[in-house]
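Peer 1: The structure that follows is given in the form of structure tokens.
The values are calculated or read from the model by the stated rules, or taken from the named source; none is laboratory data. If you're wondering where the values come from, they're calculated on a predicted model, not measured in any experiment. Positions of Cβ are generated from backbone atoms using ideal geometry, with glycine treated the same way; all protein chains shown enter the neighbour counts.
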Amino acid sequence: MSDQAPAFPITEKAYAKLNISLDVTARRADGYHDMLMIMQTVSLCDELTITPESDGNVFAASGLPYVPGDKRNLAVRAALKYLELVGDEGRGMKIALRKRIPVGAGMAGGSADAAAVLRALNRAYGEPLTAEELCAAGQTVGSDVAFCLRGGTALASGRGEILTPLAALPDCRFVICKPDFSISTPELFKKLDESRTSCHPDTDGLLAALGRGDLDGICRRMYNVFEDVPDRRMRTIRAAKGALLDCGALGALMTGTGSAVFGVFRDAERAERARAELAKEYRFCCTAVAVGAQL
Ligand code: C5P
């Protein structure tokens with residue numbers, strides 16, 4: 001049992017991620033897949049405020065009907081896992097979520113919330129768990145939580161939890177837009193298994209371009225194997241990428257299993273012009289910048 005009462009209220013930002021590349025390298029016996037991904041934390045974020053609840057309940061409140069408040073919410077699962085690890089089960093808390101990251105977008109919104117809960121609770125309890133212990137706890141909640149805990153620019157392998165920090169991306173702006181549909185992650189993995197996609201990102205070339213700070217070289221090599229899955233929704237994804245490129249993006253890609261798509265722009269003015277243009281067609285459309293490591 002932790003002898004330190006947590007210092008409430010706790011506030012924390014939960015930053016979204018974008019995939020600069022996404023490769024699926026193997027199907028595993030445990031039902032998951034081995035991945036090789038270059039991930040980047042971006043400034044689009046949810047905001048969390050954690051306050052005590054005297055009834056011993058742990059729940060989330062976002063005001064959105066499609067975001068569950070119970071254990072289906074990764075933030076709640078992360079809080080319960082943390083309380084178990086520090087021996088403080090039975091402590092109630094409300095996790096107020098101000099959601100800005102769209103749900104079902106491939107930007108790890110749920111995982112970012114879970115990671116923010118783990119970071120914030122560990123701070124409030126006086127840092128009893130190491131970064132490694134937090135990552136191990138996060139991994140039990142979801143494959144993207146370990147990356148979201150640490151953040152910045154990283155190469156992720158294994159289920160997504162084996163992280164190698166990388167040099168920051170060269171200065172740039174992202175324009176992110178999301179078509180109105182969402183794509184189920186397990187469904188897309190299944191379609192990938194059933195299809196014969198044979199193209200893979202040039203991850204070594206991407207790492208070399210990152211090392212050189214070569215934004216053009218990075219953008220030329222951005223690649224997500226899920227875009228090759230036979231699924232008619234990918235037509236809409238390709239159209240969104242085309243619209244971003246028409247607006248001057250150096251490169252454009254679907255992030256994760258979608259459905260959000262982003263373009264990389266060299267400067268803020270061009271990015272803002274693109275955002276204004278794309279906002280005519282996409283209800284969700286924003287600009288963002290890269291954010292460094294959180295832990
Ligand atoms: O770990 P998480 O709950 O985020 O994964 C959601 C689903 O995505 C898994 O149930 C699995 O179908 C798929 N997945 C996978 N391989 C990974 C990550 C996720 O097959 N490395």
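Peer 1: Out of all the residues in the stretch 113-136, which are crowded, with 24+ Cβ neighbours inside 10 Å and within 14 Å of the ligand (Cβ to nearest atom)?
Peer 2: 113, 114, 115
Peer 1: A further question on this structure: Can you confirm whether the stretch 275-291 contains a residue that is at pLDDT 95 or above, in contact with a Gly (Cβ under 7 Å, 6 or more places away or on another chain) and surrounded by 24 or more Cβ atoms within 10 Å (Cβ to Cβ)?
Peer 2: Within the stretch 275-291, none of the residues are at pLDDT 95 or above, in contact with a Gly (Cβ under 7 Å, 6 or more places away or on another chain) and surrounded by 24 or more Cβ atoms within 10 Å (Cβ to Cβ).
Peer 1: How many residues does the stretch 16-69 contain that are in contact with a Gly (Cβ under 8 Å, 6 or more places away or on another chain), of a type in the set (A, V, I, L, M), closer than 20 Å to residue 292 by Cα and away from the ligand (no atom under 16 Å from the Cβ)?
Peer 2: Adding up the residues that qualify gives 0.
Peer 1: Of the residues that sit in the stretch 206-238 and are exposed (fewer than 15 other Cβ atoms within 10 Å of the Cβ) and small (Gly, Ala, Ser), which one is farthest from residue 38 (Cα to Cα)?
Peer 2: Of everything passing the filter in the stretch 206-238, 213 is farthest from residue 38 (Cα to Cα).
Peer 1: Which numbered condition in (1) touching a strand residue (DSSP E or B) at 6+ places or on another chain (Cβ under 6 Å); (2) in a helix (DSSP H, G or I); (3) not polar (S, T, N, Q) is the only one that residue 286 fails?
Peer 2: If we test residue 286 against (1) touching a strand residue (DSSP E or B) at 6+ places or on another chain (Cβ under 6 Å); (2) in a helix (DSSP H, G or I); (3) not polar (S, T, N, Q), just (2) comes out false.
Peer 1: For the stretch 165-195, which residues satisfy the criterion of being over 15 Å from the mean Cα position of the chain (by Cα), more than 17 Å from residue 104 (Cα to Cα) and more than 16 Å from the ligand (Cβ to nearest atom)?
Peer 2: 165, 166, 167, 168, 169, 170, 171, 172, 173, 175
Peer 1: Quick one: which of 34, 88, 55, 30 is surrounded by 17 or more Cβ atoms within 10 Å (Cβ to Cβ) and charged (D, E, K, R)?
Peer 2: 88
Peer 1: Next question. Could you please give the count of residues in the stretch 178-200 that are of a type in the set (Lys, Arg) and free of Cβ contacts under 8 Å to residues at least 12 places away in the same chain?
Peer 2: 2
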